[in-house]
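The values are calculated or read from the model by the stated rules, or taken from the named source; none is laboratory data. Remember, it's a predicted structure, so these values are computed and weren't measured experimentally. Note that we place each Cβ from the backbone using ideal geometry, even for glycine, and neighbour counts take in every protein chain shown. Remember, those area values only see protein heavy atoms, side chains included, never the ligands or the DNA or RNA. Shrake-Rupley method; radii C 1.70, N 1.55, O 1.52, S 1.80 Å.
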Amino acid sequence: MDETKPAVPGRLVVALDGPGSSGKSSVGAAAALEVGYRFCDTGLLYRAVTWLALARSVSASYPHAMRGLADEVELAPDAEGRLARVLVDGVDHTDDVHKPDVDAAVSAVSAIPELRLALLDRQRALAEPGGIVMAGRDIGTVVLPDADLKVFLEASAEERARRRAEERGVDPKSPAGAAILDALRRRDELDSTRAVAPLRAAPDARIISTDGNRFEDTVDAVVNAIRDVEARRASEPERSGASA
Ligand code: C5P
């Protein structure tokens with residue numbers, strides 16, 4: 001299936017970054033739906049390659065083999081047209097790629113420069129037509145440094161672990177809840193200290209702290225940021241096409 005779409009004039013490219021369980025995927029998908037943009041969750045690409053590597057026992061110490069696996073994964077639209085499903089060799093593995101074994105291995109896999117390079121052009125091609133919210137770790141810094149709007153979602157590790165535990169039906173105060181917090185901290189550490197494209201807010205990103213926020217408030221904050229930039233762009237004569 002072709003992941004790309006024809007260009008939509010006047011629609012922005014929005015980079016949405018943040019650590020694991022900061023709400024990027026759910027907030028990004030809801031905000032995109034509200035403004036009529038496409039949504040793309042790039043973490044799914046890294047998760048799918050990791051899942052495939054585990055299934056085939058391919059070690060992260062073979063970067064070229066890892067790079068090859070990237071050709072076998074593709075993003076696919078869900079019922080609402082968001083690129084929030086992942087296919088491996090044409091089969092939907094969206095649920096599999098969110099399992100704890102993938103959580104534990106994905107940061108090591110996504111630190112492989114050859115793999116990141118293989119996925120870079122695909123992500124850029126997806127964003128090229130505009131009208132997209134693209135969520136990830138390095139979208140504003142590396143993938144789309146010229147994005148029209150960059151948003152970075154922040155939340156404490158404790159708050160993010162609590163959300164993830166609740167998603168999985170686990171008591172955040174139980175030993176299983178504590179394990180979720182540990183795993184999240186480990187992933188934060190690996191993602192933010194890797195040599196290539198570490199998790200980092202772009203200097204020109206709007207930082208939105210989601211600690212204690214209601215989900216809808218964070219979605220509103222992102223939607224408002226998008227509408228602000230759209231309005232500003234529409235009033236710039238050279239961009240709106242009006243003559244001076
Ligand atoms: O966003 P999510 O938690 O699903 O991402 C899974 C992993 O994929 C992250 O922990 C990170 O290692 C990697 N990732 C990345 N760059 C992106 C998106 C995700 O390195 N743009």
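Cβ-Cβ distance of residue 232 and residue 156, R₀ of 30 Å, FRET efficiency by 1/(1 + (r/R0)^6): the value works out to about 0.40. Could you calculate the FRET efficiency of residue 216 with residue 95 from 1/(1 + (r/R0)^6), where r is the beta carbon distance between them and R0 is 25 Å, rounded to 0.05? In this case the efficiency is close to 0.45. Ranked by the mean number of other Cβ atoms within 10 Å of their residues, highest first, the peptides 185-191, 90-96, 219-225, 135-141 fall in the order 135-141, 219-225, 185-191, 90-96. Note on the stretch 20-81: along the principal axes its Cα atoms extend 42, 22, 16 Å, ordered by decreasing extent. When the chain is treated as a Gaussian network with alpha carbon springs shorter than 10 Å, the biggest mean-square fluctuation among 168, 47, 233 belongs to 168. At full extension, residue 200 and residue 65 could sit 45.8 nm farther apart than now, given 0.36 nm per residue minus the alpha carbon distance.
Helix-only arithmetic for the chain: the sum of -39500 (n - 2.57) across DSSP H runs with n ≥ 4, divided by the residue total, places the mean residue ellipticity at 222 nm at -14500 deg cm²/dmol. Taking a ≥ b ≥ c as the square roots of the eigenvalues of the Cα gyration tensor, the stretch 13-213 is rounded, since a/c falls below 1.5. Positive-end ranking of 26, 127, 141 along the dipole of the stretch 13-213, with charges on Cβ about the Cα centre, is headed by 141. Annotation: per residue accessible area for the stretch 13-213 equals 42 Å², rounded to a whole number [probe 1.4 Å, protein chains only].
Beta bridges assigned by DSSP with both partners in the chain are antiparallel in approximately 30 percent of cases.
Using C-alpha pairs under 8 Å with a sequence gap of at least 6, the mean separation divided by the residue count of the chain gives a relative contact order of 30 percent.
If you take every DSSP beta bridge whose two residues both sit in the stretch 35-118, what share of them, in percent to the nearest 5, is antiparallel?
Looking only at bridges with both residues in the stretch 35-118, the antiparallel portion is about 90 percent.
Loop-located GluC sites (Glu not before Pro) in the stretch 39-86 (DSSP state not H, G, I, E or B) with no more than 14 neighbouring Cβ atoms inside 10 Å: 72, 80. Between the alpha-carbon centres of the stretch 173-244 and the stretch 63-96 there is a gap of 23 Å.
Report the net charge of residues surrounding residue 224, where surrounding means a beta-carbon distance below 13 angstrom and charges are Lys +1, Arg +1, Asp -1, Glu -1. So the surrounding residues net to -3. Each part reduced to its alpha carbon centroid, the stretch 13-55 and the stretch 125-159 end up 9 Å apart.
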